[in-house]
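The values are calculated or read from the model by the stated rules, or taken from the named source; none is laboratory data. Note that the coordinates shown come from a computational prediction; the quantities given were computed from them, not determined experimentally. All Cβ positions, even for glycine, are placed from backbone atoms using ideal geometry, and neighbour counts span all protein chains on display. Accessible surface is based on the protein model in full, side chains and every heavy atom, while ligands, DNA and RNA are left aside. Shrake-Rupley method; radii C 1.70, N 1.55, O 1.52, S 1.80 Å.
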Amino acid sequence: GNSVTQMEGPVTLSEEAFLTINCTYTATGYPSLFWYVQYPGEGLQLLLKATKADDKGSNKGFEATYRKETTSFHLEKGSVQVSDSAVYFCALSSQGGSEKLVFGKGMKLTVNP
Amino acid sequence: SQTIHQWPATLVQPVGSPLSLECTVEGTSNPNLYWYRQAAGRGLQLLFYSVGIGQISSEVPQNLSASRPQDRQFILSSKKLLLSDSGFYLCAWSRAGSPLHFGNGTRLTVT
């Protein structure tokens, strides 16, 4: 079946540090890939997505590239801020849209000033 | 604009008691509706989804049930809670081709 494996953390970084959160997936066909973010006390919000191989999703300084050859969708940001402290979830949908997403376990990021 | 409301925000219930969590969506019609559970160390698990009134699909066998009495209302229920039902429950909606939109969740503690 479909599955997502991601770094679980928790991870603590200093402000302006470089961030990488690894995510790999197993799926049949050509899934769509997503990163969601959950700020403290809130529900999840879509951060970025990519729907086909080599697509790059980007938002708020975060980027992730859909790599079919390595079945990966790693999230990166060049310079994190305190406000980026949150839990980050990698997810996939094998149905083309965001219906019935399969999520990774999430990774808690804390950014210190 | 569309909004999703989920309540209560927190809930503490004894083992064996019933459960009813409610979720409503405003500003859209005929959405797909979802209940997810986020358990510590286990990520997000899809529990139920619905594509229309009275249409419920269960993803995993469990002690919970879901109902959709109205187009934009989705209810998660249990007749008798277990300790293992503790977790963070998230309601979400989507339309075809749109991303999932989540509510702020309900923290359920079964004691």
Kindly list the residues of region B:94-111 that lie in the label zone of B:L11, defined by a backbone N under 17 Å from the point 7 Å along the Cα-to-C-beta vector. B:103-111
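Relative contact order, percent, of region A:38-91 when contacts are C-alpha pairs under 8 Å separated by at least 6 residues?
Contact order relative to length: 29 percent.
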Cut-off 10 Å between beta-carbons: net charge of the residues surrounding B:Q38, Lys and Arg +1, Asp and Glu -1: +4
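What is the sum of charges, Lys and Arg at +1 and Asp and Glu at -1, for the other residues whose Cβ falls under 14 Å from the Cβ of A:L19? Before the final figure, lay out each step's value.
Values: positive: A:K60, A:K77, A:K108; negative: A:E15, A:E16, A:E63, A:E76, A:D84.
My count for the surroundings of A:L19 gives -2.
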Contact order normalised by residue count of region B:1-108, Cα under 8 Å, 6+ apart, percent: 35 percent
Arrange the residues A:I21, B:I75 by how much accessible surface each exposes, largest first, with a 1.4 angstrom probe. B:I75, A:I21
Relative contact order of region A:7-67: what whole-number percent is it, with Cα pairs under 8 angstrom and at least 6 residues apart? 20 percent
Running a GNM on chain B with Cα contacts under 10 Å, which residue among B:R95, B:R72, B:R37 ends up with the highest mean-square fluctuation? B:R95
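For region A:30-113, with only Lys/Arg (+1) and Asp/Glu (-1) charged at the beta-carbon, what is the dipole magnitude about the Cα centre, in debye rounded to 20? Write down the numbers at each step before the final one.
Values: 10 positive and 8 negative charges, 22 e Å.
That gives region A:30-113 a dipole magnitude of about 100 debye.
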In debye to the nearest 20, how big a dipole does region A:1-73 give about its Cα centre with +1 on each Lys and Arg Cβ and -1 on each Asp and Glu Cβ? 300 debye
Cut-off under 14 Å on the C-alpha distance; same-chain residues fewer than 8 positions from A:K52 excluded. Which aspartates and glutamates are left, in chain and number order? A:E69
Which of these, A:F73, A:F18, A:F62, has the largest mean-square fluctuation under a Gaussian network model of chain A (Cα springs below 10 Å)? A:F18
Explain nothing, just the number: dipole magnitude of the protein assembly as shown about its Cα centre with +1 on each Lys and Arg Cβ and -1 on each Asp and Glu Cβ, in debye rounded to the nearest 20. 460 debye
For region A:56-73 and region B:56-107, compute the distance between their C-alpha centroids and round to whole Å. 29 Å
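Rounded to the nearest 0.05, what FRET efficiency do B:L83 and A:N112 have when you use their Cβ-Cβ distance and R0 = 25 Å? Present the calculation step by step, with values, prior to reporting the outcome.
Values: r = 35 Å, r/R0 = 1.42.
In this case the efficiency is close to 0.10.
Quick check: with the 1.4 Å probe, what order do B:E26, A:E16 take by accessible area, largest first? Present the calculation step by step, with values, prior to reporting the outcome.
Details: B:E26 95, A:E16 135 Å².
Final ranking, largest accessible area leading: A:E16, B:E26.
Would you rank A:T12, B:T106 by solvent-accessible area, highest first, keeping every protein chain in place and using a 1.4 Å probe? The partial results should precede the final answer.
On the way: A:T12 90, B:T106 0 Å².
Largest to smallest exposure gives the sequence A:T12, B:T106.
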Selected from A:V4, A:S85, A:A27, residue furthest toward positive end of dipole (chain A; charges at beta carbon): A:A27
Where in region A:35-68 does the label zone of B:S98 land, with the point 7 angstrom along Cα→C-beta and an amide N cut-off under 18 Å? A:43-49
Taking chain B as a Gaussian network, where each spring joins two C-alpha atoms under 10 Å apart, which residue of B:L21, B:L64, B:L44 fluctuates the most? B:L44
Quote the Stokes-Einstein diffusion coefficient, in whole µm² s⁻¹, for chain A, based on the Kirkwood radius over alpha carbon pairs, a temperature of 10 °C and a viscosity of 1.306 mPa s. 114 µm²/s
Compute, for B:S29, the solvent-accessible surface of its heavy atoms (probe 1.4 Å) with the complete set of protein chains present, and express it in square angstrom to the nearest 10. 70 Å²
Note down the net charge around B:Q73, summing +1 for each Lys or Arg and -1 for each Asp or Glu among other residues with Cβ under 11 Å from its Cβ. -1
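Please quote Rg/Rh for the protein assembly as shown to two decimal places, taking the Kirkwood radius as Rh and restricting both calculations to Cα atoms.
Numbers: Rg = 17.5 Å, Rh = 18.0 Å.
On the Cα set of the protein assembly as shown, Rg over Rh gives 0.97.
Could you report the buried accessible area between A and B, both sides summed, computed with a 1.4 Å probe and given in Å² to the nearest 100? Intermediate results must be reported in sequence, preceding the final value.
On the way: alone 5980 and 5880 Å², together 10430 Å².
Counting both chains, the buried surface is close to 1400 Å².
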